[in-house]
Amino acid sequence: MIEEKFDAIVVGAGPAGNACALTMAQRGMKVLQLERGEYPGSKNVQGAILYADALEKLIPDFREDAPLERHVIEQRIWMMDDRSVSGMQYRSDDFNEEKPNRYTIIRAQFDKWFSKRVQAAGAIVICETTVTELVQETDGRVIGVRVDRNGGFIRSDVVVLAEGVNGLLGARAGLRAVPTPKTVALAVKEMHFLPRETIESRFNLQGDEGVVIEAAGTITRGMTGTAFLYTNRESLSVGIGCLISDFAETRRTPYGLLETFARHPSVAPLVAGSEVKEYAAHMIPEGGYKAIPQLFGDGWLIVGDAGQFVNAVHREGSNLAMTTGRIAGEAIHQVKSRREPMTAENLALYKKMLDASFVMKDLKKYRNLPKALDNKHLFTTYPQLLSQAMQTWFRVDGVDKKAKENEIVKSFFKARRFTGLVGDMVSVARGWR
Ligand SMILES: Cc1cc2nc3c(=O)[nH]c(=O)nc-3n(C[C@H](O)[C@H](O)[C@H](O)COP(=O)(O)OP(=O)(O)OC[C@H]3O[C@@H](n4cnc5c(N)ncnc54)[C@H](O)[C@@H]3O)c2cc1C
């Protein structure tokens, strides 16, 4: 046993764990953070878009030395069928502001930098150390952790589980259920390296400006999922992810989908001539509000992906991880400042603070969407219908516009007979509200 007792132990050095450890260390608490990877970020995968607001609340001057790739000035949202793309594009020079709102990053570099800030604030960070067990009293109270080094037992007043989506500690201790295949997506990503000038000319960018593309449609072959392409300084992050239950049912492979996406006629010219150097796979919690487990108890709290904090509609995860981590740190510090014990009753403050934040409000707003999106027509028939309608409308071929309108309406009515188009649109709209 390690004799020293800590105010808090944080398990995991992803954005949630780093935010929590930093918040507590900044407030003078004695914090130990344990990470199983060789270094913070070595095990972590993200697209990756960084949302500045969440980080700014923790490290206001982060822009001075954080490893940022490009600031995002343009967002494209694509609905794809096998040969076409219908979409929305928003580009604004306003995003070339002094303190940009979104950046692309590379997580291995970013997490390392973040961890240095955590250590500078006074937390002790130990890598290559896996927490194997939460140590509980007979009444269930968590009093510390056991690690894989020297069978060590380390004591603390509270343990923060920032172990990510597939962390097993909480589940093993019976504090949260193992996420089900219906609530977790498997995403794969590859890095396509290209010269900086090539990226800038292909995407019409200057300096560190960046473009991000989110895509859905027939590219996922009827499975619930999305794809993405993000510009970094000298590489493109290209990825795709679908629910694990859909992969199991269709027996399709994630890398097969990614290959098809990269070969799509609208994507292939963007990645042409690139050198693919890295390939990674990771899970994403996508169950939303209804999949959030119990978040606190006697001596423990859950933050980030481990608590299913991902807004799949807006592709936000790392900011929810940082925000839940920060709020957990603040709540723990408040309890400690009052010299009260880390009981479930006192730590309920964390949930109260979360409920008042955008995190819970956003997830609650979309609570019915995961069910509405579990519909294969959204990823097969509807994108095809949309593409046909666009093509009918834009092709100039001597057919009068009234006849074109009729043809489009007729095709939607025909589809309605076997898809339940109206009902599907209503449930998606309801899920959105
Ligand atoms: C392909 C992909 C693309 C994404 N794109 C975006 C995006 O563009 N923007 C965005 O905001 N979000 C994105 N996300 C989501 C985002 O990556 C996550 O929401 C975020 O990383 C969650 O942070 P976390 O700290 O909770 O978990 P993680 O980042 O998973 O960190 C958990 C850490 O805990 C460690 N750990 C686990 N168990 C133990 C143990 N027993 N002992 C010690 N250490 C342990 C792990 O090694 C890991 O370092 C994406 C995710 C994926 C997979």
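Listed values, structure above:
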read-out	value
Dimensionless Rg/Rh of segment 194-340 - Kirkwood Rh, Rg from C-alpha atoms	1.08
Alpha carbon centroid spacing (whole Å) that separates segment 107-129 from segment 132-149	24 Å
Normalised convex hull volume, segment 247-305, alpha-carbon set, Å³ per residue	162 Å³
Largest-first ordering by accessible area, 1.4 Å probe, given options Phe114, Phe296	Phe296, Phe114
For segment 178-297, size of Cβ-based charge dipole, Lys and Arg +1, Asp and Glu -1, in debye	420 debye
Per-peptide average of other Cβ atoms within 10 Å, ordering 83-96, 45-58, 321-334 highest first	321-334, 45-58, 83-96
Listed pairs Lys57/Lys116; Lys57/Lys336; Lys182/Lys277 exceeding 26 Å between Cα atoms	Lys182/Lys277
Furthest towards positive pole of dipole, Pro40, Ile9, Val85, structure part segment 1-94, Cβ charges	Ile9
Loop-located GluC sites (Glu not before Pro) in segment 68-152, at most 16 other Cβ atoms within 10 Å (DSSP)	Glu97, Glu98, Glu128, Glu137
Within the chain, helix-based [θ] at 222 nm, where runs of 4 or more DSSP H residues each add -39,500 (n - 2.57), nearest 500	-10500 deg cm²/dmol
Mean Kyte hydropathy of -1.0 or more with a Cα span along the axis of at least 15 Å, helices from DSSP in the chain	15-26, 318-337, 344-355, 381-394, 421-432
Residues of segment 249-312: accessible area per residue with a 1.4 Å probe, Å²	46 Å²
Antiparallel DSSP beta bridges within segment 1-135, as percent of all bridges there, nearest 5	65 percent
Cleavage-rule hits (chymotrypsin sites (Phe, Trp or Tyr not before Pro)) in segment 186-288: DSSP loop, at most 14 neighbouring Cβ within 10 angstrom	none
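The values are calculated or read from the model by the stated rules, or taken from the named source; none is laboratory data. Predicted, not measured: the structure shown is a model, and the values here were computed from it. Counting neighbours? That spans all protein chains shown, and the Cβs are built from the backbone with ideal geometry, glycine included. Ligands, DNA and RNA are stripped out before the accessible areas are found, and what is left, the full protein with its side chains, is counted by its heavy atoms. Shrake-Rupley method; radii C 1.70, N 1.55, O 1.52, S 1.80 Å.
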